[in-house]
1. Would you check if G385 is within 29 Å of E258 (Cα to Cα) and not hydrophobic (A, V, I, L, M, F, W, C)?
2. Which ones in the stretch 276-291 are over 37 Å from the mean Cα position of the chain (by Cα) and assigned to a strand (DSSP E or B)?
3. Tally time: how many residues in the stretch 85-109 are within 15 Å of T130 (Cα to Cα) and either free of Cβ contacts under 8 Å to residues at least 60 places away in the same chain or more than 25 Å from the chain's Cα centre (by Cα) (or both)?
4. Of the residues that make up the stretch 428-443, is at least one assigned by TED's automatic domain parsing to the domain that holds A324, assigned to a helix (DSSP H, G or I) and modelled with pLDDT under 90?
5. Are any residues in the stretch 322-332 buried (at least 17 other Cβ atoms within 10 Å of the Cβ) and out of contact with any helix residue (DSSP H, G or I) (no Cβ under 7 Å at 6 or more places or on another chain), and if so, which ones?
6. Scan the stretch 444-475 residue by residue and report those that are part of a helix (DSSP H, G or I) and more than 21 Å from V259 (Cα to Cα).
7. Select, from D402, D392, D418, the only residue that is out of contact with any helix residue (DSSP H, G or I) (no Cβ under 7 Å at 6 or more places or on another chain) and within 27 Å of R479 (Cα to Cα).
8. Condition test on H335, is it surrounded by fewer than 18 Cβ atoms within 10 Å (Cβ to Cβ), of a type outside the set (D, E, K, R), closer than 26 Å to V448 by Cα and assigned by TED's automatic domain parsing to the domain that holds H361?
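The values are calculated or read from the model by the stated rules, or taken from the named source; none is laboratory data. Quick caveat: nothing in here was measured; it's all calculated off a predicted structure. Here the Cβ is made from the backbone with ideal geometry for all residues, glycine too, and neighbour counts use every protein chain on show.
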Amino acid sequence: MVFVFLLGLAVGVGAVARFYFRARRETERVEEEKAHVIEEKQIVVDFMHGMIEALGEGLTREELFQRIVHAAILSTGALSACIFEKTADNRMRGAAVEGLFPPHRPLPEGSRMKLTTRARFIEQVLKSETFDLSEGIVGECARTGKTILIADAVADARVVRHDDPALAVKSLIAAAIVFRGRMIGVLAVVNPADGLPFSETDRSLVQSLAEQAALAVHNSEFLHLQIEKKQLDLDLALASNIQKMLLPHASPEMARLEVDARYIPAQQISGDMYDLIPLAPHRLGVAVADVSGKGIPASLLMAICRTNLRQIAPRHDSPAQVLAALNRAMAADMHQDMFITMLYAVVDTQTNQVSLARAGHELPIFVRRDPVSGVHVTELTASEGMPLGMVDPEMFEAVLVDKTVPLASGDIMVLYTDGVTEAANAEGKEFSGSRLADVVRTLQGRPVKEINDGVLESVVRFSGFDHQRDDLTLVTVKRT
């Protein structure tokens, strides 16, 4: 009985011991995993800090990729790493590399060379070759968005074999760099420095690094966009100031003639233009023009047009001759997809006449005071002509005709661009030439400044500037 008791006691003690040692091993395993998690979190935090510092330095995209690759090697202990970037045509290309990272395809024979030269050569190969998303481990990672761990690359048929032992792949991890569903590229690390295969812990770490890299790339892109936008805003403000400098600062003073001009660009810079050119004490050149398109190209073309007009206008008495000479002078500066509509008029207070010619521009509005029939709007039948730069000079000049009409005391001439008449309301209806004529007719007895104020107020009431689609220019001339 004593023997049986002792035997039972020994078995019980052994069971307790086994339970204790299993519990201890489990505790050690949990502690080890916890330590790995803490270590991984610290590595990721350090990586994040490094990326924030990189953004603060204003690195280029290529420099940022190189910083990510270097940080990935330090974090994982890999011998080499590479970022493959997704190109615009949906292919993959090496964007940054550190160490002897094995190229995606076998190297040509005879490419062995010194280590430093070879590293530079391999980097050139990685950055020059592109491959489809269906090719290799990197392509698969980019296509699926899943992190790929290959612990034993020697036994995996998907891994490219290189004759050079220095390029042999023993273990690798590829993680997708994705931000909000947008594939940016793939971070790949190869061959741990300790010679052991990459583990699931390493896989989790590289995936976390790729996620933080995606955030860093997105923030870098956003930062550069903000910088570019700020620079563009400065450029546009400068262009706008220069354009305003080219416009007349004040209406020229001329006996028995009132002139008022308004210019409201739809954006910072405009494709509209007007000019008031004193030709003699009793003669004034008045031009209103509109370039096809908007933005900087239109504003530059208009600046060139205005400079040429200022040089040409004093040389000719005929508005048609001025437009013909201007068209020939502008020929070298006009692109096929751009043209300019213009109306040029010469007001003569000595003869009480206006001579004008049109290069595809809107007809002016004439409001006259008739002692018998009262105030009425005169409809002109002046030839429309062709826009500047649209056809060859011979065809342009063939349809260009001067029109001369009287301008008696109290008569008003209104020149404008289509930004006035085509201003649309919420229902898509346009302000129209008839509404413009009605407003001018109603305000015919007022000074030209009040007439233009009334026109603009009517346009605002009709459409609101929230709906301004085009540049707006308005020039009103009144014989007093």
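1. Answer is yes for this residue.
2. Within the stretch 276-291, I277, P278, L279, A280, R283, L284, G285 qualify.
3. Qualifying residue count for the region: 15.
4. no
5. Correct list: L323 only.
6. Once the filter is applied, which keeps residues that are part of a helix (DSSP H, G or I) and more than 21 Å from V259 (Cα to Cα), the stretch 444-475 yields V460, R461, F462, S463, F465, D466, H467.
7. D418
8. No: the conditions fail for H335.
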